[in-house]
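Below you'll find the structure, written out as structure tokens, and then a few comments.
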Amino acid sequence: MKWLKKIIGGLFILILAVLFLVLIIINPFGPSPLNKYQTDGQLILSGLKEPVKVLRDENGMAYIYAKNMDDLLMAQGFIAATDRLFQMELTKLFASGRIGELAGVSAKPIDVTMRTLGFRRQAQTHVKLLNAEAKQFVNRYIEGVNAFIRGRPKEIPLEFKLAGIKPGLWTPEDVLAIVYYMGWNSAANLPHEIVAQMLVEKLGYAKAAEIFPLNINPEEPAASETRLRTDGYSIVRLGLPAMKLLLSSLSSGRLHIGSNNWVVAPGRSQSRKPILANDPHLDSRMLPGPWYPCALILPDNRAVGVTIPGTPGVTIGRTSHVAFGVTNAYGDMQDLFIETVDPEKADHYLEGDRSFAFETIEETLKFKDKNAPDGYTTETLRIRKTHRGPVVSDVLPPLKTNTVLTFRWSAFENMEPSLGFERFFACRNAEEFREALRYVNQISLNYVFADMNGHIGWHVTGRLPIRSKGGGELPYPVKGSKDHWQGWVPFEEMPHAMNPSKGWIGTTNHMTTGQICPYYYSNCFASTYRQQRLMAIMDEANSTSAQDHWQYQRDIVNMKAKRLAPIMARILLKYDDTKTLGEILNTWDMKDDADQPAPTVFHALYSELAQLTYKDELGTDLTHAMLKDLYFWDQRLAQMIESGKSPWFDNVQTPDAVESLEDILHQAASDVMVRMKKSAGDDPQKWLWGNQHQYDFFSPIARKGAAKKWLGGGTHPADGSGDTLNRAKYDHHNLSEIQFMASLRMVADLGDADKILAVLPGGVTARQFHPHTTDQIEPFLNGKEVYWWFSDKQIQSHAKHSLLLQPPME
């Protein structure tokens with residue numbers, strides 16, 4: 001994540017380098033004596049009602065045995081803090097707009113954005129609405145976290161000392177702020193709106209529409225063109241520089257979220273029970289990764305899976321009765337509104353001819369400052385709000401118009417007494433699990449699920465607004481008091497399926513809507529290629545094992561390349577200077593294999609071709625902004641290449657010529673040749689994909705410099721790409737910078753009572769120098785089978801540590 005790279009990456013590198021050498025001398029084997037914690041024996045945990053047993057396996061994963069749910073949740077909070085407290089603290093500070101307390105005034109832009117969006121403000125409101133079950137779910141977890149902070153001061157992670165901060169006690173609002181922050185990350189349509197506004201201002205409606213997103217549901221293969229609001233909507237110019245700054249501000253700290261999930265019915269499973277696979281895609285470069293695995297075990301039920309550190313329960317995994325996994329559904333739950341400041345009252349805004357006062361909220365920003373008497377400086381932030389939400393354009397220099405931009409999010413208007421997540425553990429079948437999803441309004445996810453009775457299903461979470469005009473592809477100008485959001489799409493009419501006749505369900509962030517959802521859903525989806533590959537695999541997957549699905553998750557066939565590489569090869573083979581590249585593409589098996597040069601050639605060409613297609617008309621900055629938003633342009637450009645014709649291929653800066661696809665592809669290949677020869681040598685056959693495209697796992701306290709090598713997880717050649725099921729998506733402007741990947745691979749066969757296949761791209765523990773911070777990187781890379789244990793027999797057999805948490809004696 002960019003905010004962590006900038007804020008933490010350079011902290012105390014020299015100190016860490018010296019410390020590392022000292023630690024190696026003191027204890028060259030096993031965990032550092034300065035960053036260890038108790039994993040065996042007994043300890044007193046005040047607040048428990050009965051004893052809790054915590055076993056840890058060979059990977060350091062905790063299996064928590066309790067006799068009641070209250071103790072189970074408290075123990076989960078305690079153990080999560082033991083393993084991940086520093087990571088939890090960073091996430092809490094960021095979601096609450098308090099990262100300046102760690103990083104100083106340099107973090108002010110991030111804190112201002114987070115405070116303006118108001119995740120913690122909304123969490124404070126939501127906590128008051130929770131029912132008894134949801135309150136207990138959150139409260140018992142944070143009681144465990146706080147018990148660790150208060151009761152185990154010698155086990156506080158070393159990272160706090162190095163960062164110069166102390167862990168703060170947790171509140172329910174902290175947990176819900178993180179939940180809202182994750183929901184914010186899933187709603188990627190906002191950058192789409194800003195890019196669309198920039199294009200319309202630059203080009204006008206008609207020309208901009210030619211390159212607006214193209215969305216295709218591969219299971220209902222009809223294009224869904226973006227619907228422009230041309231019915232009486234006059235363009236409001238906000239200024240390209242302001243929109244560029246806003247795009248940067250609202251993108252700061254966003255987690256890139258993708259994912260694959262699927263589930264097969266008993267008829268396609270060798271065990272005769274459903275098999276569910278999930279690999280959520282996040283930026284997982286910072287160790288030990290974003291997910292925290294554990295097992296929660298009661299006498300009559302158990303759940304094994306992962307959650308975001310700082311939140312209770314299990315988000316992805318299986319229980320004794322159901323299994324479940326997620327992808328980002330990209331439901332458009334957010335809009336930007338263009339609002340007019342009252343020219344006669346600067347502290348008012350207009351809705352038609354009615355004037356309303358801005359609501360003003362004051363919050364205090366706090367910045368670490370070693371020169372201040374108490375170590376901190378403070379600053380007052382004033383946030384303005386309208387009926388729709390906070391004025392997000394206030395994070396920028398004042399717009400050169402009498403307008404402001406406000407942000408509206410359905411999650412803030414649909415707070416339920418239940419969070420939904422606290423219901424997962426008790427669900428006994430697929431229908432009960434689907435009903436629990438009704439209350440997950442904070443985030444738009446594709447949940448696939450299955451039960452022991454053989455039922456499989458899929459349902460999209462979150463609340464979508466029913467809009468008065470068109471969709472949410474552009475910021476909406478407020479011209480009167482009539483609400484643009486006229487209601488909510490009913491839960492029953494959100495995209496879903498139960499027990500389809502084909503015997504499987506899968507989602508890959510693709511467009512899933514069609515006949516099943518008559519409302520505007522979104523215009524932000526992944527291109528079709530991963531889903532097409534999944535469909536091809538499932539066409540032949542009639543009797544499968546968990547191991548088969550484990551291999552499917554690592555599939556590197558590139559379906560986009562199957563369609564486009566032959567076109568590229570045919571053109572490049574015509575020219576002497578690009579013939580070698582054409583030959584490489586012509587003999588390619590269309591797999592993004594780290595040991596082949598063809599993926600390098602294909603992806604470099606595609607990236608360069610995109611630049612040349614748009615830069616002449618959009619200019620450098622706008623082209624960069626659009627191409628950074630892959631889902632905005634990817635499917636559209638691929639269609640243009642397949643058709644071979646588009647006015648966008650013509651370079652408008654050469655008025656005496658009309659360039660074709662062949663012309664700019666040849667130019668792109670020439671540019672790639674020049675650039676790649678400088679960085680990778682003269683022989684294109686040696687431009688191996690794994691040399692260009694690499695995982696880079698780093699410690700949160702050493703992103704760069706000499707200490708990075710010693711404290712991180714290394715740099716490794718990566719198979720796959722953004723177009724393959726084995727996802728390793730690079731930044732469009734830098735093939736070597738993999739931005740997000742599988743943050744977890746999990747395969748749960750409900751016919752296997754003993755184990756679940758699962759691996760992380762890091763480890764269980766977020767403590768520097770601990771062996772369980774990086775020990776899963778190797779199996780993540782090579783595909784070795786790693787397990788979460790499910791049955792008591794297997795848990796006991798693989799237990800390496802046993803800790804008994806005891807309530808205080810009365």
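The values are calculated or read from the model by the stated rules, or taken from the named source; none is laboratory data. Not measured: the values here are computed from a predicted model. Neighbour counts run over all protein chains shown; Cβ positions are idealised from the backbone, glycine included. Calculation scope for accessible area: heavy atoms of the full protein, side chains included, ligands and nucleic acids excluded. Shrake-Rupley method; radii C 1.70, N 1.55, O 1.52, S 1.80 Å.
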Given Cβ charges of +1 for Lys and Arg and -1 for Asp and Glu, the option among 653, 417, 436 whose Cα lies farthest towards the positive end of the dipole of the chain is 417
Sum up the charges of everything whose Cβ sits under 15 Å from the Cβ of residue 728, counting Lys and Arg as +1 and Asp and Glu as -1, but leave residue 728 out. -2
Which distance in Å, rounded to a whole number, links the C-alpha centroids of the stretch 327-347 and the stretch 606-642? 27
In whole percent, how big is the carbon plus sulfur part of the accessible area of the stretch 511-592, probe 1.4 Å, protein atoms only? 43
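Full-extension gain between residue 796 and residue 481, please, as 0.36 nm times their residue separation minus the C-alpha to C-alpha distance. Intermediate results must be reported in sequence, preceding the final value.
Details: separation 315, 0.36 × 315 = 113.40 nm, distance 6.39 nm.
The residue 796-residue 481 span can extend by a further 107.0 nm.
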In order over the stretch 446-460: 3J(HN,Hα) from phi, Karplus 6.51/-1.76/1.60, θ = phi - 60°, whole Hz, x for each Gly or Pro, gives 8, 9, 9, 7, 8, 10, 5, 7, x, 7, 10, x, 8, 8, 8
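Let me check against my output: what whole-number percent is the relative contact order of the chain, with C-alpha pairs under 8 Å and at least 6 apart? Mind showing how you got there, number by number?
Numbers: 1765 pairs, mean separation 165.3, N = 810.
Contact order relative to length: 20 percent.
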In whole Hz and in residue order, list the ³J(HN,Hα) couplings for the stretch 784-801 that follow from phi through the Karplus curve 6.51 cos²θ - 1.76 cosθ + 1.60, θ = phi - 60°; x for Gly and Pro. 4, 6, 10, 10, 9, 8, 10, 7, 4, 4, 6, 4, 5, 5, 9, 5, 10, 9
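For the chain, what is the Kirkwood estimate of the hydrodynamic radius, computed as the reciprocal of the mean inverse distance between distinct Cα atoms, to one decimal in Å? Before the final figure, lay out the partial values.
On the way: mean 1/r = 0.0362 Å⁻¹.
About 27.6 Å for the chain.
Please report the relative contact order for the stretch 486-532, taking Cα pairs under 8 Å with a sequence separation of at least 6, and give it as a percent rounded to a whole number.
Details: 27 pairs, mean separation 19.0, N = 47.
Relative contact order comes out at 41 percent.
At a Förster distance of 25 Å, what's the computed FRET efficiency of residue 734 paired with residue 653, Cβ-Cβ distance as r, to 0.05?
Details: r = 26 Å, r/R0 = 1.02.
Efficiency computed from Cβ-Cβ geometry: 0.45.
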Relative packing of 208-216, 92-100, which averages over residues the other C-beta atoms within 10 Å, highest first: 92-100, 208-216
Shape call, the stretch 311-452: gyration tensor on alpha carbons, a/c limit 1.5: oblate
With both bridge residues required to lie in the chain, what share of the DSSP beta bridges run antiparallel, to the nearest 5%? 90
Magnitude of the Cβ-charge dipole (Lys and Arg +1, Asp and Glu -1) of the chain about the Cα centre, nearest 20 debye, reported as 1600
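Where only protein heavy atoms count, and the probe is 1.4 Å, what is the accessible area per residue for the chain in Å²?
Working: 29520 Å² over 810 residues.
I get 36 Å² per residue for the chain.
Report the full-extension gain for the segment residue 587 to residue 562: residue separation times 0.36 nm, less the Cα-Cα distance, to one decimal in nm. Please list the in-between numbers first.
Details: separation 25, 0.36 × 25 = 9.00 nm, distance 1.17 nm.
In short, 7.8 nm is gained.
Out of the stretch 473-579, which trypsin sites (Lys or Arg not before Pro) are coil in DSSP terms and have no more than 12 other C-beta atoms within 10 Å? All intermediate terms of the calculation are to be shown ahead of the outcome.
Numbers: sites: 479, 482, 502, 530, 533, 554, 560, 562, 563, 570, 574, 579; in loops: 479, 482, 502, 554, 574.
Those that pass, being in a loop and sparsely packed, are 482, 574.
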Treating cross-link reach as a plain straight distance, find the lysines whose alpha-carbon is under 24 Å from the alpha-carbon of residue 482, omitting any fewer than eight places away in the same chain. 345, 385, 469
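How would you classify the stretch 91-142 from its alpha-carbon gyration tensor, with a ≥ b ≥ c the square roots of the eigenvalues: rounded for a/c under 1.5, else prolate if a/b is greater than b/c, otherwise oblate?
Numbers: a/c = 5.38, a/b = 2.19, b/c = 2.46.
Oblate is the answer for the stretch 91-142, as a/c is 1.5 or above yet b/c matches or exceeds a/b.
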Note on the stretch 47-189: alpha-carbon gyration tensor, axes a ≥ b ≥ c; rule is a/c under 1.5 for rounded, else prolate if a/b larger than b/c, else oblate; result oblate
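How much length, in nm to one decimal, is gained on full extension between residue 43 and residue 810, taken as 0.36 nm per residue of separation minus their Cα-Cα distance?
274.6 nm
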Solvent-accessible area, 1.4 Å probe, carbon plus sulfur percent, for the stretch 677-717: 49
Part-to-part distance (alpha-carbon centres) for the stretch 469-547 and the stretch 178-198, which is given in Å: 17
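Which loop trypsin sites (Lys or Arg not before Pro) in the stretch 333-442, with loop taken from DSSP, have no more than 12 other Cβ atoms within 10 angstrom of their Cβ? Write out the running numbers ahead of the final one.
On the way: sites: 345, 354, 366, 368, 370, 382, 384, 385, 388, 400, 408, 423, 428, 434, 438; in loops: 345, 370, 388, 400, 428, 438.
Filter output for the stretch 333-442: 370, 400.
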Burial ranking of peptide ranges 315-324, 640-649 (average Cβ count within 10 Å, highest at the top): 315-324, 640-649
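Can you order the peptides 285-296, 684-695 by their average number of other Cβ atoms within 10 Å per residue, highest first?
Values: 285-296: 25.6, 684-695: 19.1.
Averaged packing, sorted descending, gives the order 285-296, 684-695.
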MRE, 222 nm, helices only [DSSP H, n ≥ 4, -39500 (n - 2.57), over the chain, to nearest 500]: -10500 deg cm²/dmol
Relative contact order for the stretch 385-438: what is it in percent, counting Cα pairs under 8 Å that are at least 6 residues apart? 26
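Rounded to a whole number, what % of the accessible area of the stretch 601-664 do carbon and sulfur atoms account for, probe 1.4 Å? Please list the in-between numbers first.
Details: 1230 of 2440 Å².
Carbon plus sulfur share of accessible area: 50 percent.
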Note, the stretch 569-582: 3J(HN,Hα) by Karplus (6.51, -1.76, 1.60, θ = phi - 60°), whole Hz, Gly/Pro = x, goes 4, 4, 6, 5, 5, 6, 10, 4, 6, 10, 4, 4, 5, x
Between residue 356 and residue 124, take the C-beta separation as r, use R0 = 30 Å, and let me know the FRET efficiency to the nearest 0.05. 0.80
